[in-house]
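Working notes, beginning with the structure itself.
The values are calculated or read from the model by the stated rules, or taken from the named source; none is laboratory data. Here the structure is a predicted model, which is why all the values come from computation and not from measurement. Note that each Cβ is placed from the backbone with ideal geometry, even for glycine, and that neighbours are counted across all protein chains shown.
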Amino acid sequence: MTKLNTPCDLNSTGQILLCLTTLRHHRFVEDIINIVGLPKGAHLRLRYSKTYVSNGVWGKVEQGAVPNAQILIALGASSETDCNVVTPLRTARIVSAKCQGQLLVLDVALSDFAYEAQQEGQFWSEAQSKASGLPQSFRSSERGPGDYLQLIQGPLDSLTTGASVDAWEIVAQRVLAQDDLLHEDAACIPFLYHLTGLSARMQGALDKKGALMIDSGASVAFDMHSVTRSRQKILRNPLGEVILELSHPSAAFVTSRRLRVDSSRDIKRLQMFTSTLFRRAHGHLSLRLIEFRSEKSDEGKGQALERLTPGEDRAKAVIARYDFPLAVGRWRPVVASLSLALSSAVLAWDKPDAGELIQSSLIVPAIVGGLAFFALALGFWKEGAG
């Protein structure tokens, strides 16, 4: 874990693009859940109305000059006494930035988690001292005026960054506490997840392209974590579940693709395999966070969880979703195609007679092998455009 104030964390201009958000409605709730849950390198789209973007940032993006800054995403909330609590969540890098009508659209690649290692509240004071026009409050009923997207002058000495599960747990618990502060008994986020344990090769492809790339004929595994609010009482009913679904012709799960959230902290190992093929096949891996809700109870949400609720009496509500682009077949289809083309060329070759040039006897095998490889390669050549 490192402080967010070293040259490797900030660019030479010493600026950070601060992206503030709230839990006002479902779109923001889904963004926050995925910002906290997705693995490093995952691509996410953030949208900001022009009203809430500083003139400096809007002008630079409109001119095609993406701000040369690291991104810091933070979540704001205000208590009934107008006490602001702003929780740093995660750092990211800009993939693309565009002004489209009255919206500024940021496509970002998520990086490390960010949090205050010491006393909470220092980050917001520090940010206010290095930027002007920040929101004065973060009410749930309406979005207060101010610049929710603007450049601030770094470094931020109050923040520590890290990609470990420990860092995720700190950020997740602070987000849940902030949700309670803003919405009291009608909390928007029942629990949070985190996907970890990708192989180095998969992580590299995710960092570079925002997609999961797997070899054909391979087996891959990763971990799914979940965390709920700190409770004194035992959870008698599951709060919900995280479900993974594959939409791909050559990939399947060999373990259960569900993580049932029925304890304050859990982890599940997931494993999938891919079949061998002569082409690169595309699809996606969907991740859905589902909340269980009691349909037949007139009690409050907190009270309904105290009694046992049969499964048939629980409604399922999808509160967050994310789709990973998934490509199966890296170099193995190329190697398989080359091997088959070479076999075809060998079968087409005739040993030259005495006195005949060996070069002339290789023409037909070369043509046969080249055509065979060309036909097989049509399955993965389309990748050249990407």
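I need the full set of residues from segment 111-145 which are on the phi > 0 side of the Ramachandran plot and without any contact (Cβ under 8 Å) to a residue 60 or more places away in the chain, in order please.
Of all residues in segment 111-145, those on the phi > 0 side of the Ramachandran plot come to 121, 133.
Within segment 111-145, Gly121 is the sole residue that qualifies.
Kindly list the number of the only condition in (1) of a type outside the set (Asp, Glu); (2) surrounded by fewer than 21 Cβ atoms within 10 Å (Cβ to Cβ); (3) closer than 17 Å to Gln70 by Cα that fails for Leu149.
Condition (2) is where Leu149 drops out.
Going through segment 146-165 one residue at a time, which ones are in a loop (DSSP other than H, G, I, E, B) and in contact (Cβ under 8 Å) with a residue 60 or more places away in the chain?
Just the residues of segment 146-165 that are in a loop (DSSP other than H, G, I, E, B), to begin with: 146-148, 154-158, 163-164.
Residues satisfying the conditions are Gly146, Asp147, Tyr148, Gly154, Pro155, Leu156, Asp157, Ala163, Ser164.
Only one of Val108, Val95, Val66, Val85 is over 15 Å from Leu156 (Cα atoms), β-branched (Val, Ile, Thr) and without any contact (Cβ under 8 Å) to a residue 40 or more places away in the chain; which? Quick ask: steps written out before the conclusion?
On the way: Val108 fails: without any contact (Cβ under 8 Å) to a residue 40 or more places away in the chain; Val95 fails: without any contact (Cβ under 8 Å) to a residue 40 or more places away in the chain; Val85 fails: without any contact (Cβ under 8 Å) to a residue 40 or more places away in the chain.
Of Val108, Val95, Val66, Val85, the one residue that is over 15 Å from Leu156 (Cα atoms), β-branched (Val, Ile, Thr) and without any contact (Cβ under 8 Å) to a residue 40 or more places away in the chain is Val66.
Which one of these is under 30 Å from Gly210 (Cα atoms) and either among the basic types (Lys, Arg) or in contact with a helix residue (DSSP H, G or I) (Cβ under 7 Å, 6 or more places away or on another chain) (or both): Thr51, Thr91, Thr87?
Numbers: Thr51 fails: either among the basic types (Lys, Arg) or in contact with a helix residue (DSSP H, G or I) (Cβ under 7 Å, 6 or more places away or on another chain) (or both); Thr91 fails: either among the basic types (Lys, Arg) or in contact with a helix residue (DSSP H, G or I) (Cβ under 7 Å, 6 or more places away or on another chain) (or both).
Within the list Thr51, Thr91, Thr87, the selection yields Thr87.
Please note which strands (runs of 3 or more DSSP E) are completely contained in segment 32-112 and include at least 2 residues that are of a type in the set (Val, Ile, Thr).
Working: elements: 43-49, 70-78, 84-100.
It comes to 70-78, 84-100.
Looking at (1) assigned to a helix (DSSP H, G or I); (2) modelled with pLDDT of 95 or more, which is the only condition Phe28 fails?
Result: Phe28 fails condition (2) only.
Select the strands (runs of 3 or more DSSP E) contained entirely in segment 187-273, then report the ones holding at least 2 residues which are of a type in the set (Ser, Thr, Tyr), modelled with pLDDT of 90 or more and within 28 Å of Asp107 (Cβ to Cβ).
Working: elements: 192-196, 212-214, 219-227, 240-247, 251-253, 258-261.
Answer list for segment 187-273: 192-196.
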